[in-house]
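The values are calculated or read from the model by the stated rules, or taken from the named source; none is laboratory data. Note that this is a predicted model, so its numbers are computed, not measured. Positions of Cβ are backbone-derived with ideal geometry, glycine not excepted, and every protein chain shown enters the neighbour counts. Calculation scope for accessible area: heavy atoms of the full protein, side chains included, ligands and nucleic acids excluded. Shrake-Rupley method; radii C 1.70, N 1.55, O 1.52, S 1.80 Å.
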Amino acid sequence: IGDKPSEMVAREAWEESGFAVKASGIIGIYDANRSQAPTEFFHAYKIVFRCDITGGEARTSDETMDVRFFDPESLPPLSECRTNGRHISDVFAHCQDPSRQPIFD
């Protein structure tokens, strides 16, 4: 609580992957209550940031069993209630065209 979104995403990336990152844009803002079972106590939005790696190296954590990069065709199964196929396809579309406008619904 109290962190700027760019600080929060940098901290989370570091804690969960071992990479230092700098947020460089927003890929999308998604209504989490419409893409999964509605939350019980509050309304939630998921923000997917575009980040540039500035340092660090891949390492696991209490929240991650493995850290690797994948081609779109060789992704492992996703935890659909956390990161679904739409999020991933939007990320790869933004990688192909960084000038693409953020998605929001």
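Would you confirm whether or not segment 7-21 contains a residue that is among the aromatic types (Phe, Trp, Tyr), within 21 Å of Asp97 (Cα to Cα) and either modelled with pLDDT of 95 or more or in a strand (DSSP E or B) (or both)? No.
Each residue in segment 47-67 was checked for being open to solvent by less than 70 Å² (accessible area, probe 1.4 Å) and either of a type in the set (S, T, N, Q) or over 13 Å from Ile88 (Cα atoms) (or both), and 7 of them qualify.
What about His87, is it outside any loop (DSSP other than H, G, I, E, B), out of contact with any Lys or Arg (no Cβ under 6 Å at 6 or more places or on another chain) and open to solvent by less than 80 Å² (accessible area, probe 1.4 Å)? Criteria met by His87. Given the criteria farther than 17 Å from Val9 by Cα, open to solvent by less than 60 Å² (accessible area, probe 1.4 Å) and outside any strand (DSSP E or B), does Ala93 qualify? The answer is yes for Ala93.
Here Phe70 passes the criteria (1) within 20 Å of Ala10 (Cα to Cα); (2) surrounded by fewer than 10 Cβ atoms within 10 Å (Cβ to Cβ); (3) of a type in the set (A, V, I, L, M, F, W, C) except the one numbered (1).
Checked against the criterion of being open to solvent by 70 Å² or more (accessible area, probe 1.4 Å), touching a residue at least 40 places away in the same chain (Cβ under 8 Å) and either touching a strand residue (DSSP E or B) at 6+ places or on another chain (Cβ under 9 Å) or part of a loop (DSSP other than H, G, I, E, B) (or both), the candidates Pro77, Pro98 yield just one match: Pro98. Condition check for Ile26 on (1) surrounded by 14 or more Cβ atoms within 10 Å (Cβ to Cβ); (2) over 16 Å from the mean Cα position of the chain (by Cα); (3) closer than 20 Å to Asp3 by Cα: one failure, at (2).
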